[in-house]
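A.B. asks: Before anything else, here's the structure in question.
Please treat every number below as a calculation from the coordinates, not as lab data. Predicted model, so just to flag it, every value in this text is computed and none were measured. Here Cβ is always computed from backbone atoms with ideal geometry, including for glycine, and neighbour counts include all displayed protein chains.
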Amino acid sequence: MPRSKTWFFITLGLFILAGCGSPADHETQSAAPAQGRLIGVSFQSMNNPFFVDLNEGLQEVIEAHGDTLVTLDAQWNSMKQMNDLSDLILQGAACVFVNPVNWEGIRGSLVKAKQNNVPVIVVDAPVRDQELILSTVASDNVEAGRLAAQAMAEAIRPAQIGILALSINKACIDRVAGFKEVIAQYPDMIIVDEQEVKGTTESSRPVMRDMIGRHPEINAVFAINDPTALGAISALESAGKLQDVKICAVDGAPEAVQAIREGKLLATSAQFPYEMGKAAAQVFYDHLEGKPVEKDVKIRVELITAANAEQFLTK
């Protein structure tokens, strides 16, 4: 496993300042101690255990090669992400890893990286402009949605379903597509509402409250990630309806696995972010050595239910 996370938080703080600071701020950051190549990664949000684990996978491989990883938190703000990536490119990053907030809106940053000969590797959530990147390393998100839908179909029928979606994120688009593909096979499972969230517990809580207010018949919910599911659980608990609603999600975060053990969450399609990070970093080093790299690297997914939740908590 990587060294202490202390370097991550120090570096994150420095680059948050650099991203909105003066030229003097940039000079201060460039003088910071670094080993080997400077490599950057910009995540949608670091307020999610999934991205913390993905970052650790990247860090392990990058530091093993004697290089330095700088980790940036876009805080679900596409403009901040663009500014952060611009800083990295200007500071001579050898490579940038991107977890895009907006799979289409990231294009300008990808063009700038291409113009500066900085390879871009996309992690977790694909981008539209594949010709501008070296590779995408992501879970099989369509399959993750399928697994969640099948678990729901086996647990509750007939079903009136609400979906908590995030349509600016391609990974989430794919999860919903996979979910709907399976649900379409069951005429007694009907999607009655689909609402946008920001992928966080805080954003999904009020959306879930509104959804059950307008559709009290909802007895099943598909959430695009675990934080969203946890927000839905909170809203349903407050309304006294949690025992009547089956919730499925995607991620496999420890908090979600614990919720499964407690009977609050039906299932979550586990991703393996640490493996994803290591695989993405290896793509970069293979590229450096002139080896051919895959354009689309898929990382496995696995359904977690009450039957196997215990083993995931001990991993």
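A.B. asks: Over the C-alpha atoms of the chain, what are the Rg and the largest Cα-to-Cα span, Dmax, in Å?
C.D. replies: Cα-based Rg and Dmax for the chain come out at 20.0, 63 Å.
A.B. asks: Over all alpha-carbon pairs in region 216-258, figure out the percentage whose distance exceeds 13 Å. Walk me through the numbers before you get to the answer.
C.D. replies: Details: 444 of 903 pairs.
Tail of P(r) above 13 Å: 49 percent of Cα pairs.
A.B. asks: Counting only Cα, what are the radius of gyration and maximum Cα-Cα distance Dmax of region 203-315, in Å?
C.D. replies: 17.8, 59
A.B. asks: Further, regarding this structure: What percent of all Cα-Cα pairs in region 167-251 falls into each 5 Å bin, going from 0 up to the bin containing the maximum distance?
C.D. replies: Spelled out per bin, shortest first, that is 3, 14, 27, 26, 19, 9, 1.
A.B. asks: According to a simple spin-label model (label point 7 Å from Cα along Cα-to-Cβ), what is the distance in nm between residue 214 and residue 167?
C.D. replies: 1.3 nm
A.B. asks: Over all Cα pairs of region 28-175, how is the pair count split among 5 Å bins, expressed in % and running from 0 up to the last occupied bin?
C.D. replies: Once binned at 5 Å, the Cα pair distances of region 28-175 give 2, 9, 18, 21, 19, 12, 8, 5, 4, 2, 1, 0, 0.
A.B. asks: At what distance in nm do the modelled label points of residue 300 and residue 287 sit from each other, each positioned 7 Å from its Cα along Cα→Cβ?
C.D. replies: Modelled inter-label distance: 2.6 nm.
A.B. asks: Taking the 0 to 90 degree range and rounding to the nearest ten, how far is the long axis of helix 141-155 tilted relative to the main principal axis of the chain, both from C-alpha atoms?
C.D. replies: Rounded to the nearest ten degrees, it is 20.
A.B. asks: Under the 0.36 nm per residue contour assumption, what length would be gained going from the current alpha-carbon distance of residue 181 and residue 65 to full extension? Please list the in-between numbers first.
C.D. replies: Numbers: separation 116, 0.36 × 116 = 41.76 nm, distance 4.24 nm.
That pair, residue 181 and residue 65, stretches by 37.5 nm at full extension.
A.B. asks: Please compute the Kirkwood hydrodynamic radius over region 241-281, one decimal place, Å, based on all pairs of different Cα atoms.
C.D. replies: On the way: mean 1/r = 0.0889 Å⁻¹.
For region 241-281, the Kirkwood estimate is 11.3 Å.
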